[in-house]
Amino acid sequence: MTTTTTADSRFAAARQVADAVLLEGYVLYPYRASAAKNRLRWQFGVLVPPAWGRAHQEHVFQQTEILMEPRGTATLALELRFLHAQRRTVQQALDGGGFADVAELHLADRVLVPWDEGAEERVEVSVPVAELVGDDGVTFPFRRPARVDTEAVQDTDGRTVGRLVRRTEEIEGVLRLHATELPGAYRVFRLRAVVENTSPWTPPPGTGAVDREAALPHSLVAAHLLLGLDPGSFLSMTDPPEWAREAVAACANRHTWPVLAGEPGRADVVLSSPIILEDHPAIAPESAGAMYDSTEIDEILALRTAALTEQEKREARGTDARAAAVIDLADSMPPEVLERLHGAVRALRDVTGPEQPPLIAELPSEDAVFRPDTPWWDPARADTADPARDRITVGGASVGPGSRVLLRPGLRRTDAQDLFLQGRTALVEAVLHDVDGGVHLAVTVEDDPGADIRREQGRFLYFQPDEVTPLEDA
């Protein structure tokens, strides 16, 4: 077995998606350290030190199990990737010499503030499959030492006005690989890859659950694996061949999920990610650059980022180099690139013969949308629209805020999420009118533990009057 120092070329396509996994939620819009949402980061694939994991029920390890069909003297190449959180403090140069910690350091183009950065770490190994078979398999311990780095900060005149101090804590871990040949007509192995944080760090006395930040510099953040088999192939965990379904179902994946990666049609590369993906995931070709935001929507983020004030952009540029890149991307994005982000449809295909079914089986008719006799904007109305008090008649019953209804989503104008609510009871929160004269009921589902939060934020579910059945009010 050997430890490799160069990236496997087969991982090039898969690494684009792996980069997105690595930095998912790294810094959230509006990309400033002062934003409340950026005070709770590092949520995906975090493997904490054992002492913290035992005390706070967080994950210490992740386990990947997948089936593979090696050929001949096949070799397994593996790349473990994670972020190493490093604390960045800001210091200002003193007139008499030396430096002092400050909360902000103002420069012409940015405002530097303390921040937890993420430094990418890799552990790369290559091992013959034959060495993985046996009672113990193979083990690769790894360690990243503690260190302190400083970076001088200069103003536009080239004078040193401060410095950034980055403190990186020690991390220890282990990578365990084991393969078991399965009985059957095919030469198939179940591969198990375990990544575990073995750092000896222990929380200082009196550290509570709210002090999770103390454990993060000793954690493997967004940990994931890239696996390559040469020669040979992996089996899909989501769409395996019929003969392998039982063996695939017996695989135990804990805190991670493996999918076929790389170019479509290839099966020699796997990405095992803490975020569930489909086989052969890919970055949208319209995307002009990384936005780093969880479940990002490039068009919205680009427009909102471009609309930030100059002061907000200065704060974002001083928060993190990646945040600064997002600001520069939004400011420099040409209209034609932004236009590409809008309305991309991938499900359409050419219809080449009369035997092909139509893409849309049935279009909703105009009658499918409920409309009142008098539009809400009609000046002849004696009152104006008031969602908090308006009521409508449904099935002979008056329905308005506080009414209980039974949900009956219309099949022609709904989605899967609505269909899951078929037959559930809900509480009407408001009666809304749109500019086309349609009426919509804003509801919260009864027994939804998040109903209070949805109500507070105004994030309701919406149904038309003919999709509900009135119930007796509580």
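The values are calculated or read from the model by the stated rules, or taken from the named source; none is laboratory data. Given the structure is predicted, the values throughout are model-derived calculations rather than measurements. Positions of Cβ are backbone-derived with ideal geometry, glycine not excepted, and every protein chain shown enters the neighbour counts. Side chains included, ligands, DNA and RNA excluded: accessible areas come from the protein's heavy atoms. Shrake-Rupley method; radii C 1.70, N 1.55, O 1.52, S 1.80 Å.
Before moving on, here are some points about what is shown:
- When residues in region 21-40 are screened for being part of a loop (DSSP other than H, G, I, E, B) and surrounded by fewer than 19 Cβ atoms within 10 Å (Cβ to Cβ), 3 of them pass.
- Qualifying residue in region 391-412 (condition: over 15 Å from Thr469 (Cα atoms) and at pLDDT 65 or above): yes
- Only one entry in Glu213, Glu172, Glu181 is surrounded by fewer than 20 Cβ atoms within 10 Å (Cβ to Cβ), modelled with pLDDT under 90 and over 18 Å from Ala77 (Cα atoms), namely Glu213.
- Screening Tyr292 with (1) more than 16 Å from the chain's Cα centre (by Cα); (2) within 30 Å of Arg167 (Cα to Cα); (3) among the hydroxyl-bearing types (Ser, Thr, Tyr) gives one miss only, at (1).
- Of everything in region 94-113 that is assigned to a loop (DSSP other than H, G, I, E, B) and crowded, with 16+ Cβ neighbours inside 10 Å, the residue that is farthest from the chain's Cα centre (by Cα) is Leu107.
- Members of region 193-210 that are at pLDDT below 90 and among the small types (Gly, Ala, Ser): Gly206, Gly208, Ala209
- For region 295-320, taking the residues that are exposed (fewer than 15 other Cβ atoms within 10 Å of the Cβ) and under 23 Å from Val17 (Cα atoms), the one that is modelled with the lowest pLDDT is identified as Thr295.
- Enumeration of residues in region 326-346 that are open to solvent by 50 Å² or more (accessible area, probe 1.4 Å), touching a residue at least 24 places away in the same chain (Cβ under 8 Å) and not in a loop (DSSP other than H, G, I, E, B): Asp331, Arg340
- Every residue from region 422-441 that is without any contact (Cβ under 8 Å) to a residue 60 or more places away in the chain, part of a strand (DSSP E or B) and over 14 Å from Arg404 (Cβ atoms): Ala430, Val431, Leu432, His440
- Selection status of Thr156, surrounded by fewer than 16 Cβ atoms within 10 Å (Cβ to Cβ) and modelled with pLDDT of 95 or more: no
- Sole residue being in contact (Cβ under 8 Å) with a residue 60 or more places away in the chain, surrounded by 16 or more Cβ atoms within 10 Å (Cβ to Cβ), over 21 Å from Ala193 (Cβ atoms) and in contact with a Phe, Trp or Tyr (Cβ under 7 Å, 6 or more places away or on another chain), chosen from Ala323, Ala290: Ala323
- Residue in region 367-384 that is part of a helix (DSSP H, G or I), surrounded by fewer than 15 Cβ atoms within 10 Å (Cβ to Cβ) and modelled with pLDDT under 80 present: yes
- Among residues of region 268-281, those that are part of a loop (DSSP other than H, G, I, E, B) and surrounded by 15 or more Cβ atoms within 10 Å (Cβ to Cβ), counted: 7
- Meets criteria (farther than 17 Å from Phe82 by Cα and charged (D, E, K, R)) for Arg167: yes
- Restricting attention to region 387-421, the residues that are closer than 23 Å to Gly458 by Cβ and outside any loop (DSSP other than H, G, I, E, B) add up to 9.
- Filtered residues of region 60-85 (kept if part of a strand (DSSP E or B) and either open to solvent by 20 Å² or more (accessible area, probe 1.4 Å) or small (Gly, Ala, Ser) (or both)): Phe61, Gln63, Glu69, Arg71, Gly72, Thr73, Ala74, Thr75, Ala77, Ala85
- Meets criteria (assigned to a helix (DSSP H, G or I), surrounded by fewer than 18 Cβ atoms within 10 Å (Cβ to Cβ) and touching a residue at least 40 places away in the same chain (Cβ under 8 Å)) for Arg245: no
- Any hit, region 224-241, residues being in contact with a Ser or Thr (Cβ under 6 Å, 6 or more places away or on another chain), within 20 Å of Pro49 (Cα to Cα) and buried (at least 17 other Cβ atoms within 10 Å of the Cβ): yes
- When Gln43 is tested against the conditions (1) at pLDDT below 90; (2) within 19 Å of the chain's Cα centre (by Cα); (3) more than 21 Å from Gly173 (Cβ to Cβ), the lone failure is (3).
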